[in-house]
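Trainee: Supplied in structure tokens, the structure appears directly below.
The values are calculated or read from the model by the stated rules, or taken from the named source; none is laboratory data. From a predicted model like this one, the values you see are computed outputs, not experimental measurements. Reconstructed Cβ throughout: ideal geometry from the backbone, glycine too, with neighbour counts over all protein chains shown. Accessible surface is based on the protein model in full, side chains and every heavy atom, while ligands, DNA and RNA are left aside. Shrake-Rupley method; radii C 1.70, N 1.55, O 1.52, S 1.80 Å.
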Amino acid sequence: QVQLVESGGGLVQPGGSLRLSCAASGSIFSILVMGWYRQAPGKQRELVATVMPGGSANYADFVKGRFAISRDNAKNTMYLQMNSLKPEDTAVYYCKAQQLAIQYWGQGTQVTVSS
């Protein structure tokens, strides 16, 4: 069993930055494939970025060049640095961990980009 807790969401103006964190417990963090997803009102949940145990990352096209995913295996924590935020980035952001075929989700953190 893996427990995930996100933090760092909030209200930010367009063009601003936020850093999300996802703290994991209950398993060996270093072997987990981790990812950030988001869900805006009335829309399906979508992939934002993933990071492999070794640190290699993949991004959705709509965040390339603006967001950066990273992980600190010593701290059992994953991060999402979000820069140049746009109103369309407004959503609940979820952390996901995957171990083999099993997926675990956090409770989500709200990010609102508005002036």
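Trainee: Filter region 74-95 for residues that are among the basic types (Lys, Arg) and under 12 Å from residue 22 (Cα atoms) and give the result.
Mentor: Of everything in region 74-95, just one residue is among the basic types (Lys, Arg) and under 12 Å from residue 22 (Cα atoms), namely 75.
Trainee: Another question, then. Taking region 97-109, which residues are open to solvent by 20 Å² or more (accessible area, probe 1.4 Å) and either of a type in the set (Asp, Glu) or within 11 Å of the chain's Cα centre (by Cα) (or both)?
Mentor: Within region 97-109, 105 is the sole residue that qualifies.
Trainee: Across region 20-43, which residue is farthest from residue 58 (Cα to Cα) among those that are among the polar types (S, T, N, Q) and part of a strand (DSSP E or B)?
Mentor: Going residue by residue through region 20-43, those that are among the polar types (S, T, N, Q) are 21, 25, 27, 30, 39.
With part of a strand (DSSP E or B) added as a condition, the list becomes 21, 25, 39.
Details: 21: 17, 25: 23, 39: 18 Å.
So, considering only residues that are among the polar types (S, T, N, Q) and part of a strand (DSSP E or B), the one farthest from residue 58 (Cα to Cα) is 25.
Trainee: What are the pairs, 6+ residues apart or on separate chains, where a residue within region 87-115 that is of a type in the set (A, V, I, L, M) has its Cβ under 8 Å from a residue that is in a helix (DSSP H, G or I)?
Mentor: Sorted first by the residue in region 87-115, then by its partner, the pairs are 111/89; 113/87; 113/88; 113/89.
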